[in-house]
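See below for the structure under consideration.
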Amino acid sequence: MHHDPEVTRRALLRTGVAAGAAALVGPAATGGGLAVPNDDYETTTGETEPVYEKGTPEDHYVETEYTLPAAKGGETESPTLFGELIWPVDPDTGETKQDVPIILTYSPYNDISSPQSEVASIANDGLADYYVPRGYARAVFDLVGCRNSGGCYDYGGYRERITGKQLVEYLGGEPDAAGDYVDSDDGSAGTRNVGMIGASYNGTTALAAAVEDPDHLAAIVPQVAIDRWYDYAFGGGVRYFLNNEYPTDEGFDTPLAFDLGFGFVPGLNANDGGRFVATNERRFAPCDGVEHTERAYEYDPVYDTFWDRRDYRQRATGYVPEEGTDAAAGAGEGETVRGVNCAVFLESGWLDHNVKHWDSTRFFAALPDDVSKKLVMGQWPHTDSNFEDARDVRHAWFDRFLKGLDTGVTDLPRVDTQVSTGERLQHDDMPPRGTAITRFELTRNDATEASLALQGAVPVYTDAKPPATEAQMFGSDGSDHAHLKFESAPLSGPLRITGSLPYDDTWRAPLVDLVATSTDDSLHFTPILYERFPDGSTDVITRGFLNARKRHGLGTDDPVPTDGPFEAPAQLWDTDHVLQAGSRLGLAVASDNREWCLDDPDGSAVVEVVLGAPGGAGGSSLQLPVADPPEALDVPDVAGSREDDGSVFTGGQTNRVDVEVRAADGATLEVRDAVPEGWSVYGASDDVDRVVERDDGTSVVYFAPTGEEVSVTYFVEAPSGAAETGPDTFGPVEARAGDSNWVTVAGTTDDNLVVGPEQP
């Protein structure tokens, strides 16, 4: 049943092909490039082998019961949860194996993942295909208030936490009157370990159950999961909207889509009349949907009991709950609540714009060190780990904590992070030990590497209606379009900004500590941290948001003073970004960001950012967690150029592009170029090896010729249609030698204007 431990135990592998695929959804072509991680890393895999067959999915109804906290009416509710179990079957004897661990997903999505019919199965999925033959049972259940489960949908609240716990205890085996554990189906003695896994909401329910500390929950693998629902809806009290990088990767439809969608669609277990009636008796009742909508879309949201119920991060470690809260209802007077005691393996992406990546990094930090924990972060959006060994490590995690096998997974470094330049780094903490907060002053003085100078005449801007877009901000040289910009001097060496660190009792760095004045008592700040490359192109490092009425904490709502300066600490999302030597560290400051958040409807302020006197004392500053950069890579020293047919193209017109790249150190180069969205690359050129389209619609052209000097030509066709009219940016060209990282060839970006309508 098991591998030879000498074969499967922890091994050193090299990344390569799969890691390159992950990089294709990484940094934009206007800066960080498509770097492929190439460092050695430590990994392992599970020991169980596929020796069983999958059984037939079994329907299960689980009775739950709980009493709501007094603040929610104090009523007792008894919703029935529906789900399916698939057991492993011995292929020789036909015996169903029920003395095995169970891997559970508690999901609101089953209406989508398995369309309802008499023959549909919600549990017979890819995880069942992999784990059931290896001696696990697979369970998938409908979230309370969704599909065939009764009760009310609760938007991450108390019902989801407590039903998740009770579901885990049912699957693990409940104690009988003598205190012995029995199988919940056949009454035989025994108990099972339960693990949970899932992405997005399916991972969030794992956190919700874990903070209730079920006896049988041994391990969870939450992927891009919400750990604090206030932070899912709001950034520093500013309501998130859409985004301009992955337009489908956002969560503005939550909770509306769930209250009016998954929580409203009637159950279809019509073959069981009694269950059908019970499931749907509250399906069309309003439950708490009105409250969810009011609280999740308000403009000045105060963090209070409503959000406390949905805060799993604070429940991850010991704390004394406030009187009247849900946690206090289940604890003795002054008793410390200890939440998570199972092993936690978090996966997330640094480019996730739906569930923001700090939901994983900060939950990891909140977990006590006596809890087995692991964190994987990479350059991908709202998805689970893209590392090539991802399934192997998950397998090792479940084998270790659900079966007790020594897979070596706990000997691995606890953190795997892929930085913006592509390297996969491993260490035990996030951020790594030695990281410290570095202060960068915002000043009118000449820029240094430790200060960011104002790009413009005066540090004052006026709110715009509609708010500025990021294209407007980055399309200007200085501070206009309702924003200010600050930039450092060129960096003499690489700079790594990583993770987060406490700044004071309330806020964490990375953070923009603004001292400002305003003519309006309601004001937002939406700072953007960016890297400006030597060729002038830019790449966003991270973003921040603050409703200035929350400047004293998220539980406050203090009008902004209009009679003098005030301090506004705007937190930025955690990141792991390495700026290259020669780049400038930049900061854009605006009140609103049209693509990323709902603007303040009352905001019409004239805002001044107060800058320090010479030496920086007393003014605004940038506080960043800075760590040692990755060790220098063996990358080529390159130079080159780009030329094309013009700067303005009509729809359908052909553009010839000539690229030359030279290696100053005599290295043999491979070369590629980035093409804007909508432009078609002709494959007829002998110089083009292949074209890879990325998720954002742009393309990467890989060239066939290699050498110390590479000179290539290719042809592209401009996009057609009135909607295509506008500026487009080609490049930068990138080069690498052998297995080294791709490096940017300075001066090889090119801005062209498209006039979309085709000419007769």
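The values are calculated or read from the model by the stated rules, or taken from the named source; none is laboratory data. Note that the coordinates shown come from a computational prediction; the quantities given were computed from them, not determined experimentally. Virtual Cβ from ideal backbone geometry, glycine too; neighbours counted across all protein chains shown.
Observations on the structure shown:
- Failed criterion for Leu12 (all others in (1) at pLDDT below 95; (2) part of a strand (DSSP E or B); (3) crowded, with 18+ Cβ neighbours inside 10 Å hold): (3)
- From Ser360, Ser385, residue being crowded, with 24+ Cβ neighbours inside 10 Å, out of contact with any Gly (no Cβ under 6 Å at 6 or more places or on another chain) and not in a loop (DSSP other than H, G, I, E, B): Ser360
- From the list Thr469, Thr462, the one residue that fits, being surrounded by fewer than 19 Cβ atoms within 10 Å (Cβ to Cβ) and at pLDDT below 90, is Thr469.
- In this structure, Ala718 does satisfy being over 32 Å from the mean Cα position of the chain (by Cα), outside the structural domain of Pro381 (by TED's automatic domain parsing) and in contact (Cβ under 8 Å) with a residue 60 or more places away in the chain.
- Of the strands (runs of 3 or more DSSP E) lying entirely inside segment 422-519, the ones with 2 or more residues being among the polar types (S, T, N, Q) are found at 436-443, 511-518.
- Contacts under 6 angstrom Cβ, first residue in segment 483-504 being within 20 Å of Gln580 (Cα to Cα), partner in a loop (DSSP other than H, G, I, E, B) and of a type in the set (D, E, K, R), 6 or more apart: Ser488/Glu449; Ala489/Glu449; Leu491/Glu449; Gly499/Asp574
- Scoring Gly422 on the criteria (1) within 17 Å of Lys485 (Cβ to Cβ); (2) touching a helix residue (DSSP H, G or I) at 6+ places or on another chain (Cβ under 9 Å) leaves a single failure, condition (1).
Residue-wise test of (1) farther than 22 Å from Ala210 by Cβ; (2) without any contact (Cβ under 8 Å) to a residue 12 or more places away in the chain.
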residue: Glu75; (1), (2): yes, yes
residue: Gly83; (1), (2): no, no
residue: Val89; (1), (2): yes, no
residue: Lys97; (1), (2): yes, no
residue: Val100; (1), (2): no, no
residue: Ile103; (1), (2): no, no
residue: Tyr106; (1), (2): no, no
residue: Asp111; (1), (2): yes, no
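- Per-region count, segment 108-141, residues at pLDDT 95 or above and either outside any loop (DSSP other than H, G, I, E, B) or touching a Ser or Thr at 6+ places or on another chain (Cβ under 6 Å) (or both): 14
- Failed criterion for Val589 (all others in (1) on the phi > 0 side of the Ramachandran plot; (2) of a type outside the set (D, E, K, R); (3) buried (at least 23 other Cβ atoms within 10 Å of the Cβ) hold): (1)
- Residues located in segment 572-586, provided they are surrounded by 24 or more Cβ atoms within 10 Å (Cβ to Cβ) and either free of Cβ contacts under 8 Å to residues at least 24 places away in the same chain or under 23 Å from Thr506 (Cβ atoms) (or both): Leu572, Asp574, Thr575
- Note on segment 520-549: among residues that are over 25 Å from Gly586 (Cα atoms) and not acidic (Asp, Glu), the one that is surrounded by the fewest Cβ atoms within 10 Å (Cβ to Cβ) is Ser522.
- When restricted to residues that are of a type in the set (Gly, Ala, Ser), modelled with pLDDT of 75 or more and part of a loop (DSSP other than H, G, I, E, B), segment 733-745 contains 1.
- Complete set of residues in segment 224-239 that are outside any loop (DSSP other than H, G, I, E, B) and not β-branched (Val, Ile, Thr): Arg228, Trp229, Tyr230, Asp231, Tyr232, Ala233, Phe234, Gly235, Arg239
- Checked against (1) of a type outside the set (S, T, N, Q); (2) surrounded by fewer than 20 Cβ atoms within 10 Å (Cβ to Cβ); (3) modelled with pLDDT of 95 or more, Val415 passes all but condition (2).
- So Ala489, is it over 26 Å from the mean Cα position of the chain (by Cα), within 24 Å of Glu608 (Cα to Cα) and at pLDDT 95 or above: yes
- Which listed residue, of Asp505, Asp480, is charged (D, E, K, R) and modelled with pLDDT under 85: Asp480
- Spans of strands (runs of 3 or more DSSP E) in segment 637-681 with at least 3 residues in contact with a Pro (Cβ under 9 Å, 6 or more places away or on another chain) and surrounded by 17 or more Cβ atoms within 10 Å (Cβ to Cβ): 669-675
- Taken over segment 682-719, the criterion of being in contact with a Leu (Cβ under 8 Å, 6 or more places away or on another chain), part of a loop (DSSP other than H, G, I, E, B) and at pLDDT 90 or above is satisfied by Thr706, Glu708.
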